[in-house]
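Q: My questions all concern the structure below.
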Amino acid sequence: MKVTLLLPVLNEIQGVREIMPRIEREWCDQTLVIDGGSTDGTAEYFREHGYQVVTQHRPGLRFAYLDALPHVTGDVIITFSPEGNSLPEVIPPLVAKMREGYDMVIVSRYTGGARSEDDDFMSGLANLVFTRTINLLFRARYTDAMVMFRAYRRSLLEELDLDKDASYWPEETLFRKRVGLEPLLSIRAAKRRLRMADIPGSEPVRIGGRKRLHVRWGFAYILEIARELLFWR
């Protein structure tokens, strides 16, 4: 099993300078940076330190993953935020858990004593409500269905149609917001009854960054859940 650590970045130089020295390169077979057009030296930092950097051509986090996909060499992808809100020390146990044969392993902020210091009241409540709704409607047992920090088989992107714009078209068209693929990945993995697990991993406050949240994302995910309940097989 080969593992690609995928780092989507956009103007995150403060977090990158603090987080990247804590990541050992031998933890993963490939470390791939996908840059969304940084102007603060983020991309230059990675290139100067010998990391593979790919330029993102379409805005939005899910497009970062898809633009990076042709360059991914691993059988497993770990999506990781270098803003400081993902703990590098969780990467080795995450890889070890995937080696047990799971299709997806989530680094949960809400299990095993882990907690999120980056949540405010509204984001914490939204994560709780969406996770419990997905569990109820799709017979899942997630403790954190929305989080970015997770590992999954690369092939799931194609198997679950996560690489197709049509999978996101209704909610993105109606609410005019690009949505992440993590909620849909959680939903469709549950519907397929894939082998999944959570491991605990706290979420520190991000370094020098800001949350890119909007209420329209919430409505978009509500529509996404309803659509998946009714239509996708």
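Q: Between a first residue in segment 2-26 that is within 23 Å of Arg58 (Cα to Cα) and assigned to a loop (DSSP other than H, G, I, E, B) and a second residue that is open to solvent by less than 10 Å² (accessible area, probe 1.4 Å) and among the hydroxyl-bearing types (Ser, Thr, Tyr), which pairs have beta carbons less than 7 Å apart while being 6 or more apart in sequence or on different chains?
A: Asn11/Thr42; Glu12/Thr42
Q: Oh, and also: Can we say Leu69 is within 17 Å of the chain's Cα centre (by Cα), in a helix (DSSP H, G or I) and not hydroxyl-bearing (Ser, Thr, Tyr)? Spell out the reasoning first.
A: Working: within 17 Å of the chain's Cα centre (by Cα): yes; in a helix (DSSP H, G or I): yes; not hydroxyl-bearing (Ser, Thr, Tyr): yes.
The answer is yes for Leu69.
Q: Does Tyr45 satisfy the criteria of being part of a helix (DSSP H, G or I) and under 17 Å from the mean Cα position of the chain (by Cα)? Talk me through it step by step, then tell me what you get.
A: On the way: part of a helix (DSSP H, G or I): yes; under 17 Å from the mean Cα position of the chain (by Cα): no.
So Tyr45 does not fit the description; no.
Q: List the pairs whose first member sits in segment 176-194 and is polar (S, T, N, Q), whose second member is at pLDDT 95 or above and in a loop (DSSP other than H, G, I, E, B), and whose Cβ atoms are under 7 Å apart, counting only residues at least 6 apart or on separate chains?
A: Pairs found: Ser186/Tyr142; Ser186/Ala145.
Q: Another one. Out of all the residues in segment 86-118, which are of a type in the set (Asp, Glu) and either open to solvent by less than 40 Å² (accessible area, probe 1.4 Å) or outside any loop (DSSP other than H, G, I, E, B) (or both)? Walk me through how you get there before you give the answer.
A: Narrowing segment 86-118 to residues of a type in the set (Asp, Glu): 89, 100, 103, 117-118.
Selection gives Glu89, Asp103, Asp118.
Q: Okay, next question. Evaluate segment 63-81: report whether one residue or more is open to solvent by less than 10 Å² (accessible area, probe 1.4 Å), under 20 Å from Arg153 (Cβ atoms) and hydroxyl-bearing (Ser, Thr, Tyr).
A: yes
The values are calculated or read from the model by the stated rules, or taken from the named source; none is laboratory data. This one's a predicted model, so the numbers in the text were calculated from it and none came from an experiment. Cβ sites come from the backbone with ideal geometry, for glycine too, and all protein chains shown count toward neighbours. The area values use the complete protein model at the heavy-atom level, side chains included, leaving out ligands, DNA and RNA. Shrake-Rupley method; radii C 1.70, N 1.55, O 1.52, S 1.80 Å.
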